[in-house]
Each structure stands twice: as C-alpha cells, then as structure tokens.
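The values are calculated or read from the model by the stated rules, or taken from the named source; none is laboratory data. Bear in mind the structure is a predicted one, so any value in this text is a computation, not a measurement. Glycine gets a Cβ as well: all are built from the backbone with ideal geometry, and neighbour counts include every protein chain shown.
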C-alpha cells in the first residue's frame with residue numbers, strides 16, 4: 001500500500017515542484033556554485049577571460065580597500081549585543097496589557113517597514129552639520145561645536161550603526177515579545193507563591209526560557225551586521241575615505257560598478273567562508289547550552 | 001479591651017497597604033508611560049519632523065535653528081512633487097513590480113511546498129536538505145552572478161528581470177510547507193477517492209486550507225518588493241522604469257536643493273506601506289514570530 005502511493009506520487013510531486021526548484025536552482029544554488037570557478041578567472045567586462053588560479057585571492061589580501069572593508073564589517077558586529085539587549089528591554093516594557101500598548105508597539109515597528117532609502121534620507125538631514133541633531137546636542141550642552149556626523153571618519157561608521165539600531169529595534173522587540181508571551185504565566189505565579197523576587201523571576205524564568213529567541217535573533221543580527229550594505233550604500237558610499245566601506249559594499253563596487261566579476265567572486269568567497277565559520281562557531285557555542293533552533 | 005483597637009489597627013494597616021499598593025501601581029504605571037512616550041518620540045520623531053518639513057514649502061531644513069514644528073501648513077510641496085516628477089508613473093512601476101513579484105512568489109511557494117508537505121516520493125528528504133543548506137551557506141556574490149544570469153537571459157532592463165531572482169525564496173517554501181502540514185491528509189484522500197485530478201485537488205481542496213500562510217507571504221513580500229531599491233537600480237537601465245524607492249534615491253540626487261519636494265515625496269512613498277502595516281498588523285506579527293518557530 002505504502003509502496004503504491006510512493007510510486008504514484010513521484011510524477012505529480014516533481015511536476016508541481018519543477019518551476020519553483022528551477023528558480024531556486026538558477027538563482028540560489030547556481031550563484032553559490034558558479035562563484036567558485038568564476039573566482040579563479042579574470043572575467044570582467046574588458047579583455048579576454050583567462051584562468052588565473054589563485055591570483056585573485058593573493059590580490060585580495062594585498063588590497064588595502066578590501067582589508068579595510070573586512071575590518072569595518074567586523075567592527076559593525078558591535079551593534080549586535082547593543083541591539084539585542086535594548087530590544088529585550090523594549091519587549092519587557094511593551095509586554096503588558098495597559099491601555100494603548102498596541103499603539104506603542106506599532107509605533108516602534110514603523111521604522112522596520114520603512115524603506116532604507118526613506119530612513120537614510122531623514123537621518124542624513126537630521127545628522128548633517130546644520131541638522132537638528134547638532135542643534136539639540138548644542139542646546140543641551142552635550143557638544144560644543146557642530147559635528148558632521150557622517151562626513152567625519154571617526155564617527156561615520158558608528159552613526160551608521162546607530163541607524164541600523166534605530167531601524168532594527170522594533171523587529172527584534174516583536175520577536176522577543178513573542179518569546180515572552182510564550183512563557184506560561186503559571187510559572188511566574190508558582191514563583192511568586194514560593195516567594196521569589198522580581199529579579200529572581202527574571203533571572204530564573206525569563207532569561208532561560210528566552211534563550212532560544214536570544215540565540216536566533218543574535219544569529220540573524222550577526223549575519224546582517226557582517227554583511228551590512230544598505231546603510232552605507234545609500235548614505236556614505238563607503239566614505240569618507242574607506243571609513244564606512246564594508247565588504248558587501250566593496251564586492252558591489254568591484255562586481256557591479258567596475259564589472260570585475262572574477263575578482264568580486266573571489267572577494268565574495270572569502271567573505272562567505274568567514275561568515276560560514278562565524279555561524280558554525282555560534283552554533284557550536286549554543287549547542288553546549290542544548291538549544292537547537294532548527 | 002485591646003481586641004477592638006487591634007482589629008482597627010489591622011484594618012487600617014490593611015487599608016494602608018492597599019493604598020500604598022495602589023500608589024505604587026500608579027507610580028509604576030506613570031513611569032511606564034513616560035518611558036513608552038520617550039521611546040515613541042525617538043522612533044517616530046524623525047517621521048513627524050519630516051512631515052512637518054514637507055508641510056512648510058520654502059523652509060530650509062539646514063537653517064539654524066532648524067525648523068521643528070510646523071509654523072504654517074501648505075500642501076503645495078505635495079501637489080508639486082506629484083506633478084513635476086510624475087509620481088503616478090513611479091507608483092505604477094512599483095505596483096507592476098510588486099504585483100508580478102507577489103504572483104510569482106505565491107504560485108511558486110505553493111506548488112513547491114505542497115509536495116514537500118503532503119506527497120510521498122523518492123528524493124523528498126534530499127530536496128529538503130538542499131533547501132536547508134542554501135539557508136545556511138551565505139552567498140555574498142549572488143548579486144554579481146544574478147546580474148550575469150539575467151544578462152544571459154536577455155532580461156536586463158525588464159521587469160521580469162527585476163522579479164525573477166526573488167520569484168521564490170526558501171523561506172517562503174518552508175513557511176508554506178509548515179502551513180500545508182497542518183492540513184489533514186483525509187482531505188487529499190477524499191479528493192482522490194472522488195477521482196479528482198492532482199491539480200484539481202490542489203486548487204480546490206488544498207489551497208483554500210492554507211489561507212493564513214498565503215496572507216503572511218503576501219504581506220511580507222509586499223513590503224519587500226515595495227521597499228526594494230538595489231536590484232531594480234542594477235537591472236533597470238532607464239530611471240523612468242524605477243520603482244518608487246529606487247526613484248527616491250535618483251530624485252534625491254536631482255532635486256537635492258528642494259527639501260520640501262523630497263520630504264513630501266518621501267512621506268508619500270512611505271505612507272502606503274505604513275497604512276498596510278497598520279491594517280494588517282496581526283497577520284504580519286504572526287508571520288515574523290513564526291519565523292523563529294519555523
């Protein structure tokens with residue numbers, strides 16, 4: 001009986017899946033596989049294409065812009081713990097049933113659904129030399145002269161992190177809120193009966209049960225941070241100098257702007273290996289705690 | 001002799017503790033609301049400020065002190081930006097791209113997920129494993145390879161070229177598979193007993209059962225396509241074909257001097273997405289929190 005259904009389902013199954021799998025094959029699998037041979041050539045819009053072996057990789061590690069871009073991408077990871085911690089605090093704040101709370105949740109989520117172009121435009125004006133942020137900080141006496149937040153090398157990358165933070169808070173807040181609401185309330189009630197303080201309840205109930213959410217959110221946030229692109233693409237284009245050049249932006253500039261497909265593929269492979277290693281490490285660290293996200 | 005006074009003191013103590021509890025509740029509640037309001041100001045402030053700038057034609061956002069609250073209200077920025085830069089055309093472009101993308105995503109994720117959830121055939125676990133692995137292996141060069149592929153297909157400059165690489169995502173397939181798995185097998189079996197064809201069973205019996213999954217995909221993809229700017233900029237060679245988000249970056253370059261226009265254009269471009277979000281919040285939140293469980 002089972003064997004019969006097995007045989008009879010194969011044809012319809014593959015026919016149903018064919019178009020979808022074709023698209024996945026061409027646009028998800030093929031790019032991963034094709035970038036390997038591509039990285040070993042000097043394929044670009046100019047000149048003949050030759051096999052160049054590992055030249056692209058040797059060139060990459062001597063390329064100051066690429067090294068700078070890797071450093072910036074790694075530095076960007078600083079945003080992850082801050083973003084996660086603040087999102088958890090926000091989730092705790094909005095996890096109540098007081099009147100109007102849904103409106104607040106929605107308000108915090110609006111930056112998430114807004115396009116990066118619009119977000120960039122607003123913050124670009126707000127953060128400019130003569131912008132509102134400088135005005136407020138001057139009035140409050142926090143700074144004593146105007147700062148061009150995005151045009152100063154030492155501040156630009158951190159200001160972009162701030163924008164990432166501002167735009168991402170609502171998203172992670174909602175994920176953590178789902179986590180908080182999945183915790184059974186009788187656990188808290190039992191703890192209150194046993195005389196546990198509020199701090200003890202957070203320490204022994206909330207934090208352990210929120211752990212899978214913290215892991216999942218930190219992982220996607222970490223991947224996003226290492227591969228950050230939109231913020232610098234719309235706001236700084238990597239400048240001033242290479243101050244906000246990240247690896248994803250550099251790959252874009254090499255591959256799409258300068259049409260050096262081979263070199264861009266090699267850079268992409270290096271970044272993929274780094275991201276892959278980082279995610280394996282994160283998985284391993286987490287497995288020690290016995291949490292499995294999939 | 002002491003009895004009544006003791007009784008009274010216990011009563012008054014109780015009353016006092018009730019009063020102090022109520023007082024404490026009022027204090028926590030007000031602290032909570034103050035925090036919520038400050039946070040709302042932080043998250044919504046930039047939008048409200050942009051709205052205020054857009055309502056004051058001729059105001060310079062870089063004046064010192066910068067304009068914060070609207071001192072007068074005029075809609076000329078909106079009427080001008082609507083006509084001068086042909087806003088309806090860009091909205092039309094966005095709608096075409098969004099509709100195409102939604103239709104493809106829906107059709108392909110439904111047809112690919114259905115056999116994975118409901119049919120028995122050889123290779124099912126292999127397909128599943130490959131799909132999972134593509135989610136773990138990051139592709140940093142996808143953009144470059146997509147550009148080459150779309151070029152080989154001769155689709156540069158076309159809307160099909162814009163939507164094809166994102167016509168179906170592994171994430172959507174998993175989401176849809178999860179929804180299909182919740183549909184009882186009896187439904188499919190009863191269709192088979194009645195002699196209905198596989199296509200008919202799928203369209204008439206199965207698809208109506210997974211409406212919640214369809215709603216989530218439609219929403220998430222609507223937001224993604226509406227806000228997408230990078231890939232359209234890469235593929236479309238004619239800025240006249242740009243969707244709204246991409247056009248905004250282009251206009252920002254062209255009309256950088258006209259703050260009011262840009263502010264009004266930005267408000268107009270984010271308004272639809274914010275409205276859609278506000279009206280569909282419930283489904284949307286289920287969708288993103290489903291991502292953690294998935």
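Is it the case that some residue within the stretch A:184-202 is modelled with pLDDT of 85 or more, surrounded by 14 or more Cβ atoms within 10 Å (Cβ to Cβ) and closer than 14 Å to residue A:82 by Cβ?
no
Which residues, counting only those in the stretch A:57-73, are within 27 Å of the chain's Cα centre (by Cα) and surrounded by 12 or more Cβ atoms within 10 Å (Cβ to Cβ)?
Matches in the stretch A:57-73: A:57, A:60, A:63, A:65, A:66, A:67, A:68, A:69, A:70, A:71, A:72, A:73.
For the stretch A:135-183, which positions are surrounded by 22 or more Cβ atoms within 10 Å (Cβ to Cβ) and farther than 21 Å from residue B:42 by Cα?
A:179
Please give the number of the condition residue A:222 fails out of (1) within 19 Å of residue A:71 (Cβ to Cβ); (2) crowded, with 23+ Cβ neighbours inside 10 Å; (3) within 13 Å of chain B (Cβ to nearest Cβ).
(2)
In the stretch A:177-207, what residues are part of a loop (DSSP other than H, G, I, E, B), farther than 29 Å from residue B:282 by Cβ and in contact (Cβ under 8 Å) with a residue 12 or more places away in the chain? Break it down stepwise before answering.
Step one: of the stretch A:177-207, the residues part of a loop (DSSP other than H, G, I, E, B) are A:182-184, A:194-197.
Right, trim to farther than 29 Å from residue B:282 by Cβ and you get A:194-197.
If the condition is that a residue be part of a loop (DSSP other than H, G, I, E, B), farther than 29 Å from residue B:282 by Cβ and in contact (Cβ under 8 Å) with a residue 12 or more places away in the chain, then no residue fits.
Could you figure out which of (1) touching a helix residue (DSSP H, G or I) at 6+ places or on another chain (Cβ under 6 Å); (2) under 21 Å from residue B:90 (Cα atoms); (3) surrounded by 20 or more Cβ atoms within 10 Å (Cβ to Cβ) isn't true of residue B:228?
Tallying (1) touching a helix residue (DSSP H, G or I) at 6+ places or on another chain (Cβ under 6 Å); (2) under 21 Å from residue B:90 (Cα atoms); (3) surrounded by 20 or more Cβ atoms within 10 Å (Cβ to Cβ), residue B:228 fails exactly one: (1).
So is residue B:203 more than 26 Å from the chain's Cα centre (by Cα) and without any contact (Cβ under 8 Å) to a residue 60 or more places away in the chain or not? Working first, answer last.
Working: more than 26 Å from the chain's Cα centre (by Cα): yes; without any contact (Cβ under 8 Å) to a residue 60 or more places away in the chain: yes.
Criteria met by residue B:203.
Quick one: would you say residue A:93 is surrounded by 17 or more Cβ atoms within 10 Å (Cβ to Cβ), in a helix (DSSP H, G or I) and more than 8 Å from every other protein chain (Cβ to nearest Cβ)? Outline the logic, then answer.
Values: surrounded by 17 or more Cβ atoms within 10 Å (Cβ to Cβ): yes; in a helix (DSSP H, G or I): yes; more than 8 Å from every other protein chain (Cβ to nearest Cβ): no.
No, not satisfied.
Would you check if residue B:67 is more than 14 Å from every other protein chain (Cβ to nearest Cβ) and either at pLDDT 90 or above or surrounded by 11 or more Cβ atoms within 10 Å (Cβ to Cβ) (or both)?
No; evaluated as a whole, the condition is false for this residue.
Just a yes or no: is a residue in the stretch B:248-257 within 10 Å of another protein chain (Cβ to nearest Cβ), free of Cβ contacts under 8 Å to residues at least 60 places away in the same chain, surrounded by fewer than 19 Cβ atoms within 10 Å (Cβ to Cβ) and outside any helix (DSSP H, G or I)?
no
Given the criteria in a loop (DSSP other than H, G, I, E, B) and closer than 30 Å to residue B:248 by Cα, does residue A:157 qualify?
no
Every residue, every condition in (1) free of Cβ contacts under 8 Å to residues at least 40 places away in the same chain; (2) more than 7 Å from chain A (Cβ to nearest Cβ); (3) surrounded by fewer than 16 Cβ atoms within 10 Å (Cβ to Cβ); (4) out of contact with any helix residue (DSSP H, G or I) (no Cβ under 7 Å at 6 or more places or on another chain), yes or no:
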| residue | (1), (2), (3), (4) |
| --- | --- |
| B:54 | no, yes, no, no |
| B:86 | yes, yes, yes, yes |
| B:97 | no, yes, no, no |
| B:107 | yes, yes, yes, yes |
| B:110 | no, yes, no, no |
| B:115 | yes, no, no, no |
| B:129 | yes, yes, yes, yes |
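Report, by residue number, each residue of the stretch B:231-247 that is closer than 24 Å to residue A:232 by Cβ and either modelled with pLDDT of 90 or more or surrounded by 17 or more Cβ atoms within 10 Å (Cβ to Cβ) (or both).
If the condition is that a residue be closer than 24 Å to residue A:232 by Cβ and either modelled with pLDDT of 90 or more or surrounded by 17 or more Cβ atoms within 10 Å (Cβ to Cβ) (or both), then B:231, B:232, B:233, B:234, B:235, B:236, B:242, B:243, B:244, B:245, B:246, B:247 are the ones that fit.
Mind telling me which of the residues A:112, A:79 ends up being touching a residue at least 12 places away in the same chain (Cβ under 8 Å), away from chain B (no Cβ under 12 Å), within 26 Å of residue A:179 (Cα to Cα) and part of a helix (DSSP H, G or I)? Please lay out each step first, then the result.
On the way: A:112 fails: away from chain B (no Cβ under 12 Å).
Within the list A:112, A:79, the selection yields A:79.
Could we say that residue B:218 is surrounded by fewer than 21 Cβ atoms within 10 Å (Cβ to Cβ) and either under 19 Å from the mean Cα position of the chain (by Cα) or outside any helix (DSSP H, G or I) (or both) here?
yes
For the stretch B:164-200, which residues satisfy the criterion of being in a loop (DSSP other than H, G, I, E, B) and in contact with a helix residue (DSSP H, G or I) (Cβ under 6 Å, 6 or more places away or on another chain)?
B:167, B:168, B:183, listed by residue number.
Just give me the residues in the stretch B:132-163 being more than 7 Å from chain A (Cβ to nearest Cβ) and either buried (at least 19 other Cβ atoms within 10 Å of the Cβ) or assigned to a loop (DSSP other than H, G, I, E, B) (or both), in sequence order.
Answer for the stretch B:132-163, where residues must be more than 7 Å from chain A (Cβ to nearest Cβ) and either buried (at least 19 other Cβ atoms within 10 Å of the Cβ) or assigned to a loop (DSSP other than H, G, I, E, B) (or both): B:150, B:153, B:154, B:155, B:156, B:157, B:158, B:159, B:161, B:162, B:163.
Given (1) within 25 Å of residue A:169 (Cβ to Cβ); (2) surrounded by fewer than 19 Cβ atoms within 10 Å (Cβ to Cβ), identify the lone condition not met by residue B:15.
(1)
Among the helices (runs of 4 or more DSSP H) confined wholly to the stretch A:1-71, which include 3 or more residues that are modelled with pLDDT under 90, within 7 Å of chain B (Cβ to nearest Cβ) and under 24 Å from residue A:272 (Cα atoms)?
A:30-39
With B:21, B:25 as the choices, which residue is away from chain A (no Cβ under 11 Å) and either modelled with pLDDT of 75 or more or more than 22 Å from residue B:260 (Cα to Cα) (or both)?
B:21
Here is a check on your reading of the model: is residue A:88 within 30 Å of residue A:198 (Cα to Cα) and crowded, with 21+ Cβ neighbours inside 10 Å?
Answer is yes for this residue.
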